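First up is the structure itself, then whatever we jot down about it.
What follows draws every value from the coordinates through simple rules; no lab data is involved. Fair warning: this is a prediction, and the values are worked out from it, not measured in the lab. Every residue, glycine as well, gets a Cβ built from its backbone with ideal geometry; the counts of neighbours run over all protein chains shown.
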Amino acid sequence: MDIIHAEFLISSAFIVYIGAALLSLLFYKKHRLCNILSNFLGCAASLLGIGGSLIHLFSKNDSLSILDTVSLTPYLCLDIQLDKLSAFFVLTLSVLVFCVSLYSIGYLSHYYGKRNVGLFHFLYNTFILSMALVITSGNMIFFLVAWELMSLTSYFLVVFESENAEARKSGNFYLVMTHAATAFLIIAFVLIYTWTGSLDMETAVHNLSIPLKNILFLCFVIGFGTKAGMIPLHIWLPAAHPAAPSNVSALMSGFMIKTAIYGFIRFVMDMLGAESTWWGISLLSIGALTAVLGVAYALMEQNLKRLLAYSSIENIGIILMGLGLSSWALASKNPALASLAMLGTLLHLFNHSLFKGLLFLGAGAVHYSTHTKNMEQLGGLIKRMPYTAFFFLIGSLSICALPPFNGFIGEWITYQALFINLGLSPSGLKIIVLLAVAALAMAGAFALACFVKAFGISFLALPRSIEAETAKEVPLPMVLGMGLLSLLCIVLGIFPSLLTGLIDKVSMSILGSTAALKGSSSFLYYHVSIEGNSVSPLFILMGGILIIAFVFVFVKFLGKGVKERKYGTWDCGFTALNSRMQYSSTGFSKPIRIVFRALFRPTRDLHLEEGPSPYYPKTLKYQVSTEPIFEKYLYRPVIDKFFNFAKKLRLTIQTGSVHIYLTYIFVTIVLLFIYYSFS
């Protein structure tokens, strides 16, 4: 019965997404009706997806066929399969879609009469459907079709505000990068078919030669790494995510880039078997670099959505670190450690979809109310948008991995797995693990500074613009969408065992073992005991509470009888504070920019308008910018050489002579004839 229920619910969810997309086109002239109907159906489909995925995760059956049609052309058919890994990703997608669709009821209202809301919802539901099809594809051809549909629909959503030149530029850049990545996936699939004669997801490739497996691994790293935003293949992400509408940004950052992680697990861990140790070491090293540089660049940003986009790169780095460690342990014949690292990976993946979706929805609420994403023009929003400020704070605390919020547990388990691996690794490889631990700690410290800046500059202090001063709280559906994600961040932080049991089922289906995770989760603490290494966060928490209580009582005792005087906070004796006296986004990050100037290569522009005296200028404008080193020193030289080669080739081939063109055709036909004669 469980199989029938899961199959019915998942297939019903797909049908509802299709119906929502088609109805959006039917009612495209009635913006309000179209918006409410489409988002209501999106919520309904996501609930069906949640129910179907949970039923399958708790069932004893590993694989379930949702739809398998017959086609005259092999593999060119609808082939939808659901196993434990797919079910977990469907669950992740469905939870996020429910909250985003609820939020979108209010958010899309600012498009009424300005944009085609029906077209938006057609693309929106098709985009969600395509992501669901990617993670449930039963063969590689159908996977590529769904992957391409996901790329195209997300491109059209990025450029939805087509009057914005920046959005068009970002969308075109994203389109080029994602198709370049797809080319490597096609190469990998062609190689698999050439040597195995099959394109099924369950194709046995364990008998392939080691060099061929290495080539396949590199193709998957480039293909999936580009979609994930792995450094140095990340440059599309900080451009595309901020350009898209905020509800789309939440889906792209919260889940779309995770389809690449699904691809890594499906093809590298499951299909190829992660037999080579250097694969895991490579992923671990790339992940560490991605985590540190991603959050470092986020700390420099003034655009709130670009800051969140770079932060997504950081979290992809953390996920890749766990995935690389799992692959390394699997190749080293240590399935228990591989399962523990996989647990940390999938926990952080699920939790990141929640708090990053929440943060992008919060940024969207700020933009909805203030019409700006520039933090230099914000400030004081906590009094004008109290619900948004509170929910954004929850997301900020979660992404900083502070207990008892959900971002903590995934990183905590990843730390545990790294330290266990440190004791098992050969002497020459211990340095890699130590550097990975240091990178994860450094990324955590930068993330804390980054979101102190994001929340403090945007919501605290005094407003720095008329837009911030006149901001109002967003409509109720937007508040409810953010509130539900905030609640999940707290609940899954306090009770992480709600997820660990599900992920253990996924690990068992892929790795053949579960994580050796002991202890329990309670209302205020985690207790994790792994191979004799026991740490009780409850003890740490209670110790912190006792220290705070002691300091409070001590200060009260010493201050007894002292007359209390009230002043403005941080006013330094001034009675008329203004926004120019407080920290700016640029000023907050300046110490980090100075320390790491070799990385950021900052440039400063100072413009003065002369006044009555050189010491009293009328206006002073100071702007700091960082140098995009990957674009300047990696991509720009390659692009310039490509264009120079294309120009020379055009002068050689496109001569304008008909005779030469006929010669080209003749030579091509002769070569094809020779090829087919000897093949």
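Here is how the numbers come out for the structure above:
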read-out	value
Summed side-chain charge close to Leu308 - residues other than Leu308 whose Cβ falls under 15 Å, Lys, Arg +1, Asp, Glu -1	+3
Ordering of 221-227, 499-505 by packing [mean C-beta count within 10 Å, highest first]	221-227, 499-505
Packing-based exposure ordering (other Cβ within 10 Å, fewest first) of Tyr262, Tyr174	Tyr262, Tyr174
Long-range HN-HN contacts of Asn139 with modeled amide H, under 5 Å	Met201
Loop-located trypsin sites (Lys or Arg not before Pro) in region 84-131, at most 12 other Cβ atoms within 10 Å (DSSP)	Lys114
Fewest-first sequence of Tyr155, Tyr310 by Cβ atoms within 10 Å of each Cβ	Tyr155, Tyr310
Cross-link partners of Lys383 among aspartates and glutamates (Cα-Cα below 12 Å; sequence separation of 8 or more within a chain)	Glu469, Glu473
For region 384-396, Karplus couplings with θ = phi - 60° (6.51, -1.76, 1.60), whole Hz, Gly/Pro x	9, 10, x, 5, 4, 4, 5, 5, 5, 5, 4, x, 5
Förster-model FRET efficiency, 35 Å R0, Thr663 and Glu202, C-beta, rounded to 0.05	0.10
Built amide H within the under 5 Å cut-off of Gly380, gap 5+	Phe459, Leu460, Ala461, Leu462
Size of region 629-678 as Cα extents on the principal axes (Å, biggest first)	50, 31, 8
For region 162-172, Karplus couplings with θ = phi - 60° (6.51, -1.76, 1.60), whole Hz, Gly/Pro x	5, 6, 8, 4, 5, 5, 5, 5, 5, x, 5
Total formal charge among the other residues, if their Cβ is under 12 angstrom from that of Leu608, Lys/Arg +1 and Asp/Glu -1	-1
Qualifying lysines (Cα of each under 24 Å from Cα of Lys333; at least 8 residues distant if same chain)	Lys84, Lys213, Lys430, Lys505, Lys518
Spatially proximal aspartates and glutamates relative to Lys648 (Cα-Cα < 20 Å; intrachain offsets below 8 disregarded)	Asp640
Sites matching trypsin sites (Lys or Arg not before Pro) across region 573-679 that sit in DSSP coil, with at most 12 neighbouring C-beta atoms within 10 Å	Lys618
Residue exposure sequence - Leu57, Leu620, Leu488 - by fewest surrounding Cβ within 10 Å	Leu620, Leu57, Leu488
Amide H contacts under 5 Å for Asp83, placed H, 5+ residues apart	Leu64
Mean separation of Cα contacts under 8 Å (6+ apart) over length of the chain, as relative contact order %	11
In sequence order, calculated HN-Hα J values of region 113-124 (Karplus, 6.51, -1.76, 1.60; Hz; x Gly/Pro)	x, 10, 10, 7, 5, x, 5, 4, 5, 4, 5, 4
Rounded tilt (10° steps) of 658-678 against the dominant C-alpha axis of the chain	70
Peptides 28-38, 191-201 ordered by average Cβ neighbours within 10 Å, highest first	28-38, 191-201
Where N is the number of residues in region 400-474, Cα Rg divided by 2.2 N^0.38 Å	1.69
Region 429-488 and region 629-679: distance between their alpha carbon centers, rounded to Å	49
Helix 277-300 vs. the chain, principal-axis angle (Cα, 0 to 90°, nearest 10)	40
Folded to 0 to 90 degrees: helix 585-595 orientation relative to the chain principal axis, Cα	70
Protection proxy ranking of 429-442, 235-248 - average other beta-carbon atoms within 10 Å, highest first	235-248, 429-442
The chain, dipole about Cα centre (Lys/Arg Cβ +1, Asp/Glu Cβ -1), debye to the nearest 20	1920
Mean Cα-pair separation over length for region 1-134, i.e. relative contact order, pairs under 8 Å, 6 or more apart, %	38
The chain, helix-only ellipticity at 222 nm - DSSP H runs n ≥ 4, -39,500 (n - 2.57), divided by all residues, nearest 500	-22500 deg cm²/dmol
